[in-house]
1. Can you work out the accessible area per residue across the range 1-140, with the rest of the protein chains kept in place, probe 1.4 Å, in square angstrom?
2. Distances over 24 Å make up what percent of all Cα-Cα pairs in the range 290-385?
3. Summarise the accessible area of the range 245-341 (1.4 Å probe, protein heavy atoms) by the percent that is carbon and sulfur.
4. What's the ranking of 188-195, 282-289, 352-359 by average number of surrounding C-beta atoms within 10 Å, highest first?
5. What is the gain in length, in nm to one decimal, between Arg21 and Arg90 on full extension, counting 0.36 nm per residue of separation less the C-alpha to C-alpha distance?
6. Once both axes come from the Cα atoms, what is the angle between helix 231-253 and the longest principal axis of the chain, in degrees from 0 to 90, rounded to 10?
7. Run the dipole for the chain about the Cα centre, Lys and Arg Cβ at +1, Asp and Glu Cβ at -1, nothing else charged, and hand back the magnitude in debye, nearest 20.
8. Treating only the Cβ of Lys, Arg, Asp and Glu as charged (+1, +1, -1, -1), what charge dipole size does the range 185-312 show about its Cα centre? Round to the nearest 20 debye.
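The values are calculated or read from the model by the stated rules, or taken from the named source; none is laboratory data. Note that this is a predicted model, so its numbers are computed, not measured. Note: ideal-geometry Cβ built from the backbone for every residue, glycine included; neighbour counts use all protein chains shown. For the accessible areas, the whole protein counts, side chains as well, though only heavy atoms, and no ligand, DNA or RNA atoms are used. Shrake-Rupley method; radii C 1.70, N 1.55, O 1.52, S 1.80 Å.
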Amino acid sequence: MGNELRSVFEFHSAGRIIFGRNAIKQLPQALVPLNVKRVLVITDPILVRIGMLETVLEPLTKAGYDLGLFDGGEPEPTQAMVEKAIDFGRQFVPDAVLGLGGGSNIDCAKLVANVLSHHGGLHDYVGENRIPGPVLPIVAVPTTSGTGSEVSAAAVFTDTTRHIKVSTLSQYLRPRLALVDPVLSQTCPPKVTADAGIDALVHAIEAFTAIDNEHYPLPTGETSVYQGKNPFADLYAEKTIQLVGRYLKRAVQDGSDLEAREGMSLAATMGGLAFSNAGVALVHAMEYPVGGAVHVSHGAGNGLLLPYVMQYNEMTRMTEFARIAQLLGADTSKLTLEGASQKAIEMIIKLRKDIGIPNQLRELGVKPEQLKGFAEKAISIQRLMRVNPRYPSMEEILHIYEQAF
Ligand SMILES: [Fe+2]
């Protein structure tokens, strides 16, 4: 660790964000500055079945783009699935890769764009800043609201041999264009809406309560996409928390509620801007081993773990927690700081229950004997551990898992 306090931080985003109802109509025109002709589209069979392709792709074909369609996307993509998409891409030889769908499809598009550009294997780039240079232009068109992948620098897939989710993290993976149209998310089913939506909240809270940028323990000579808590990321994190408090339950209860969908689309993108600069921390580190071992979506796993990790972090971030309670809509004027901070945790537990996210790991089929292995894997993810405001020991992580069990 360097001895001097860090006084500098950076802020990165997608190259261009187009946001709003029916923004999708602008897609053909928005691709023009990218100077591309052959676009590889990564999507999944569900979106094909519900007719999403007609809405999104027909205008592109009419505008003269050559499209290659890979529709084998799966939730929580495995290495094997991403490799199929890469093989497809090698045949098609695109000059841009468009991810259409949830974060899984967008992440897959990022991984494909990278491997097609640099010709290594998928695993060669896992970790932070291991991509040697620019990749094919990535275009992100999300149909769910939560992962923030449309603006983020990360792409996650499951390493099926090690039973853990792994992440490739690089500024080169930020989409050149993020086109976020809330209307597209109206087709998203309630469970996916809930799981993705709580992920946006986790992103915002982990960014907002991250270790301060000036104390971020980055070893000398190492670079990091994540930089710890900073004023730019705070701005987006606070807004995200407010939007999730206002709109997530509504979006889950009535998918056609366009105002709620729009609020959650904004929350997802803003949450992505917050966490992809400040960082995510212990919740994500603890979710990766769980998600690699049992069948649970990234969002539901994170949502489950969030209050337990908050309880652990509370002593270092009480002021921020009290602010989170306010942002979620609580009147904290008559509460002590500690009371307001606890209120945030209570409100999140209630929200989680209201939208059907499980409360205990055992509900996911986790066995008690798995917890120790989870803790060992979680603590090994240094790039996330060092973002957390409290640096946990193995025993402490195990204890959090036991409480969540
Ligand atoms: Fe996440």
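1. Per-residue value: 48 Å².
2. Value for the range 290-385 (Cα pairs over 24 Å): 32 percent.
3. The nonpolar share, carbon plus sulfur, comes to 51 percent.
4. In decreasing order of mean packing, 188-195, 282-289, 352-359 become 282-289, 188-195, 352-359.
5. 21.4 nm
6. Between helix and principal axis, roughly 80 degrees.
7. Working: 37 positive and 43 negative charges, 83 e Å.
Here the size comes out at about 400 debye.
8. Numbers: 7 positive and 13 negative charges, 57 e Å.
Value, rounded to 20: 280 debye.
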